[in-house]
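Presented below is the structure to which this report refers.
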């Protein structure tokens, strides 16, 4: 056989092998904050997703196909998120993405819908739950809006003081910070709770004494803080120095196992909302996670945010599995598959997950924890009504 024929035959074989390999791989984009202002929670979340997918691949992947999770650190900067998204969709030809922040996710929502690429965000913004406006956006857990409503329900139920309870909202002036505030304003008014103050804080800071003094003038009984755990710790230490008696409640990125380690005694008695089980909690799905970490030890501490990432990986992998089984492994096919999930069981890592074609709220249930003896201690579950007028708010 002539050399040219041999080379031609070899080229055909290599192309066939390459095509076969590509057919057995499902590309998914991952946009993470590993070095930006929310990296304190961005890193454990990203690791949780990555480990869940590594575990899934070790168990045969998606009906025999491996997930190729392509990772990018965008440092919590919207232009970098836009660039990463464009590369993933146009060059890498991903079938879906797992993203991170509220600002970048909401900035991308229109192009996500146009491109028909399912996009799981670590943002729990209620604005992303109405499929008539954001048909390809998903997340796993109660929205920020349902968390703040759950806080207000708890305040209403447990209040023993005279008159109406007084609350304050504390948040940075960005998408994540502002996401639940309008929902909180409306529900406080409905419940007869007096919203006496809103304090806007920086995205990052060394001291918020002046902000807390502004709040203290209104003497709220409770303050709801919507920022991440490192900044919550600074705020709580400043509040303790000032002798502020207000009871603090934190959103789900503030209430983590890292809080007492960072805030020390200032964390004691602080409440917070959780959307996912604490690491090591006695739920069915935790054994897989702890066994994985025994086999793959890390110097990084594992926490509820890591569990959150793992639950995300399980959920969207199930969407891929259904779409592949239906022979519709496309953006539209994955979206349709996800919208068939009804009470999807993550093994108790999160409440059962349900999506429909008319409602992308996965659940409205969250859990209240309090720091007691330096540890996250469960108080109770709270579930807000799935009201139609709250869809997308």
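The values are calculated or read from the model by the stated rules, or taken from the named source; none is laboratory data. Note that the coordinates shown come from a computational prediction; the quantities given were computed from them, not determined experimentally. So basically every Cβ, Gly included, is an ideal-geometry build from the backbone, and we count neighbours across all protein chains shown.
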Out of all the residues in the range 377-388, is one or more without any contact (Cβ under 8 Å) to a residue 12 or more places away in the chain and over 30 Å from residue 259 (Cα atoms)? yes
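Give 320, 329 a once-over and let me know the one that is surrounded by 16 or more Cβ atoms within 10 Å (Cβ to Cβ), in contact (Cβ under 8 Å) with a residue 40 or more places away in the chain, touching a strand residue (DSSP E or B) at 6+ places or on another chain (Cβ under 9 Å) and in a helix (DSSP H, G or I). Walk me through it before giving the result.
Numbers: 329 fails: in a helix (DSSP H, G or I).
Among 320, 329, only 320 is surrounded by 16 or more Cβ atoms within 10 Å (Cβ to Cβ), in contact (Cβ under 8 Å) with a residue 40 or more places away in the chain, touching a strand residue (DSSP E or B) at 6+ places or on another chain (Cβ under 9 Å) and in a helix (DSSP H, G or I).
Mind listing just one residue for me: the one in the range 263-309 that is out of contact with any helix residue (DSSP H, G or I) (no Cβ under 9 Å at 6 or more places or on another chain) and in a helix (DSSP H, G or I) and, of those, farthest from residue 253 (Cα to Cα)?
Once the filter is applied, the top-ranked residue is 295.
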Residue 156 assigned by TED's automatic domain parsing to the domain that holds residue 252, out of contact with any strand residue (DSSP E or B) (no Cβ under 9 Å at 6 or more places or on another chain) and in a helix (DSSP H, G or I): yes
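Run down 110, 130 and say which single residue is under 22 Å from the mean Cα position of the chain (by Cα), without any contact (Cβ under 8 Å) to a residue 12 or more places away in the chain and either assigned to a loop (DSSP other than H, G, I, E, B) or surrounded by fewer than 24 Cβ atoms within 10 Å (Cβ to Cβ) (or both).
On the way: 130 fails: without any contact (Cβ under 8 Å) to a residue 12 or more places away in the chain.
The conditions single out 110.
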Out of the residues in the range 200-244 that are assigned to a loop (DSSP other than H, G, I, E, B) and without any contact (Cβ under 8 Å) to a residue 24 or more places away in the chain, which is surrounded by the most Cβ atoms within 10 Å (Cβ to Cβ)? 217
Please go through the range 55-83 and pick out each residue that is surrounded by fewer than 23 Cβ atoms within 10 Å (Cβ to Cβ), part of a helix (DSSP H, G or I) and either in contact with a helix residue (DSSP H, G or I) (Cβ under 8 Å, 6 or more places away or on another chain) or in contact (Cβ under 8 Å) with a residue 40 or more places away in the chain (or both). 55, 56, 78, 82
Determine whether residue 168 is under 21 Å from residue 273 (Cβ atoms), touching a helix residue (DSSP H, G or I) at 6+ places or on another chain (Cβ under 6 Å) and not assigned by TED's automatic domain parsing to the domain that holds residue 338. yes
Of all residues in the range 332-344 being in contact with a strand residue (DSSP E or B) (Cβ under 9 Å, 6 or more places away or on another chain) and in contact (Cβ under 8 Å) with a residue 12 or more places away in the chain, which is nearest to residue 95 (Cα to Cα)? 334
For the range 139-159, which residues satisfy the criterion of being surrounded by 22 or more Cβ atoms within 10 Å (Cβ to Cβ) and in contact with a helix residue (DSSP H, G or I) (Cβ under 6 Å, 6 or more places away or on another chain)? 140, 143, 145, 148, 149, 152
Scan the range 364-384 for residues that are under 16 Å from residue 180 (Cβ atoms) and either modelled with pLDDT under 95 or assigned to a loop (DSSP other than H, G, I, E, B) (or both) and report the count. 2
One residue is enough: does the range 89-96 have a residue meeting the conditions assigned to a loop (DSSP other than H, G, I, E, B), surrounded by fewer than 18 Cβ atoms within 10 Å (Cβ to Cβ) and at pLDDT 95 or above? yes
